[in-house]
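This is the structure I want to talk about, given as structure tokens.
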Amino acid sequence: MFESLKPQPADKILALMQLYKDDPRAEKVDLGVGVYKDASGLTPVMAAIKAAEKQLWEEQTTKTYVGLLGDPGFSDAMIDLVLGDAVPRANVAAAATPGGTGAVRQAFELIQYGNPSARVFVSDPTWPNHISILNYLGIETVSYRYFDSESGGVNFAGMMEDLAKAKPGDVVLDPFFGTGTTGAVAKKLGRHYVGVEREQDYIDAATARIEAIEPGNAASLEMQQGKRALKRIPFGTLLESGLLQPGTELSCPKGKHLAIVRADGSLKSGDHTGSIHKVGALVQGQEACNGWTFWHINEGGKTSPIDDLRKEIRSRLQA
């Protein structure tokens with residue numbers, strides 16, 4: 001069973017930590033992970049944590065299971081700490097997860113459950129575990145420009161251009177809200193946003209920046225909405241309509257990669273299985289892929305992207 005497992009791409013942050021560990025220079029500084037360290041390079045247990053652990057050890061009376069959503073008291077305290085009165089309490093739900101990555105995974109699954117055709121716009125760069133989860137779930141990802149390597153700042157113009165392609169129901173993932181770049185772009189494009197930040201300096205900077213943004217004029221926003229009005233078509237609809245049959249062979253534009261369409265709407269290419277987007281990314285060794293434009297079908301000696309079949313479905317629905 002385990003021989004079929006494939007090595008995963010190396011985590012750049014963990015690689016940076018290893019480089020720091022191997023560097024013999026005494027004056028080195030570790031900027032890999034944002035955790036507190038003392039002068040000796042250790043991350044100590046804070047006195048307040050030890051005191052809380054001691055109190056818990058002395059007063060706790062049971063280790064029984066909590067509910068599926070975790071401890072309601074803890075959730076209420078976290079909501080108050082993070083959001084305060086910025087959002088009506090009736091509009092907030094909370095659930096305990098096994099760490100930050102677990103929370104991201106559950107958020108993605110909630111998005112997929114609520115809107116199976118939603119795309120997730122992912123910043124470049126982002127944490128690699130985000131891409132891995134999205135590919136596993138078969139959620140289409142769209143990369144948007146974020147970091148400008150030449151200036152060392154945010155590529156605001158590129159970000160504006162990329163996020164303008166978002167459609168109703170799409171989700172923008174911003175793991176670095178900081179000074180509010182995503183919020184500023186959202187306001188400029190007439191979109192809603194939610195930003196979470198704990199540092200007051202960043203909150204103040206983001207608030208001032210977003211308040212200074214003037215939304216785009218109604219005409220430009222109306223054009224964007226018209227372009228985004230296309231109905232979302234899941235890949236399985238092509239099978240349901242008879243435009244594709246289970247067992248149909250798809251290929252990449254140059255014919256280097258082949259995949260077989262399976263009855264459940266997934267693809268199989270060698271040892272890789274999953275959605276059109278996930279398999280497209282895996283066969284190329286990339287983090288993300290737009291399967292609609294990557295995979296092609298050969299009919300009567302003519303090769304065309306499966307996106308053409310999606311367009312035909314849309315035409316039928318509009319007729």
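The values are calculated or read from the model by the stated rules, or taken from the named source; none is laboratory data. Since we're looking at a predicted model, the values are computed, not measured. FYI the Cβ positions are ideal-geometry reconstructions off the backbone, even for glycines, and counts take in every protein chain you see. Calculation scope for accessible area: heavy atoms of the full protein, side chains included, ligands and nucleic acids excluded. Shrake-Rupley method; radii C 1.70, N 1.55, O 1.52, S 1.80 Å.
Looking only at segment 111-127, decide whether some residue is in a helix (DSSP H, G or I), touching a helix residue (DSSP H, G or I) at 6+ places or on another chain (Cβ under 8 Å), without any contact (Cβ under 8 Å) to a residue 40 or more places away in the chain and open to solvent by 80 Å² or more (accessible area, probe 1.4 Å).
No, that holds for no residue.
Also: Looking for something part of a helix (DSSP H, G or I), touching a helix residue (DSSP H, G or I) at 6+ places or on another chain (Cβ under 7 Å), surrounded by fewer than 19 Cβ atoms within 10 Å (Cβ to Cβ) and modelled with pLDDT of 85 or more - is there at least one such residue anywhere in segment 197-209?
Yes; the residues of segment 197-209 include at least one that is part of a helix (DSSP H, G or I), touching a helix residue (DSSP H, G or I) at 6+ places or on another chain (Cβ under 7 Å), surrounded by fewer than 19 Cβ atoms within 10 Å (Cβ to Cβ) and modelled with pLDDT of 85 or more.
Report yes if some residue within segment 146-169 is open to solvent by less than 30 Å² (accessible area, probe 1.4 Å), in contact (Cβ under 8 Å) with a residue 12 or more places away in the chain, in contact with a Leu (Cβ under 8 Å, 6 or more places away or on another chain) and hydroxyl-bearing (Ser, Thr, Tyr); otherwise report no.
No, the conditions are met nowhere in segment 146-169.
I'd like the full set of residues that are closer than 27 Å to Leu134 by Cβ and acidic (Asp, Glu), limited to segment 289-309.
Asp307, Asp308
Scan segment 215-224 and give yes if some residue there is at pLDDT 80 or above and assigned to a helix (DSSP H, G or I), otherwise no.
Within segment 215-224, not a single residue is at pLDDT 80 or above and assigned to a helix (DSSP H, G or I).
Identify the residue in segment 7-57 that is in contact (Cβ under 8 Å) with a residue 60 or more places away in the chain and open to solvent by 100 Å² or more (accessible area, probe 1.4 Å) and, among all such residues, is farthest from Ser269 (Cα to Cα).
Checked segment 7-57; the qualifying residue farthest from Ser269 (Cα to Cα) is Lys12.
Pairs, please: C-beta under 7 Å, at least 6 apart or cross-chain, first residue closer than 23 Å to Ala164 by Cα and in segment 130-142, second among the aromatic types (Phe, Trp, Tyr) and open to solvent by less than 20 Å² (accessible area, probe 1.4 Å)?
Final answer for the pair search is Leu134/Phe108; Ile139/Phe108; Val142/Phe121.
Here is a follow-up. Can you name the residue in segment 86-110 that is part of a loop (DSSP other than H, G, I, E, B) and exposed (fewer than 13 other Cβ atoms within 10 Å of the Cβ) and, of all such residues, is nearest to the chain's Cα centre (by Cα)?
Step by step, filter segment 86-110, then rank; the result is Pro98.
Limited to segment 242-257, what total is found for residues that are loosely packed, with under 14 Cβ neighbours inside 10 Å and not small (Gly, Ala, Ser)?
6
When only residues in segment 58-80 that are exposed (fewer than 10 other Cβ atoms within 10 Å of the Cβ) and under 32 Å from the mean Cα position of the chain (by Cα) count, which is nearest to Ala107 (Cα to Cα)?
Leu68
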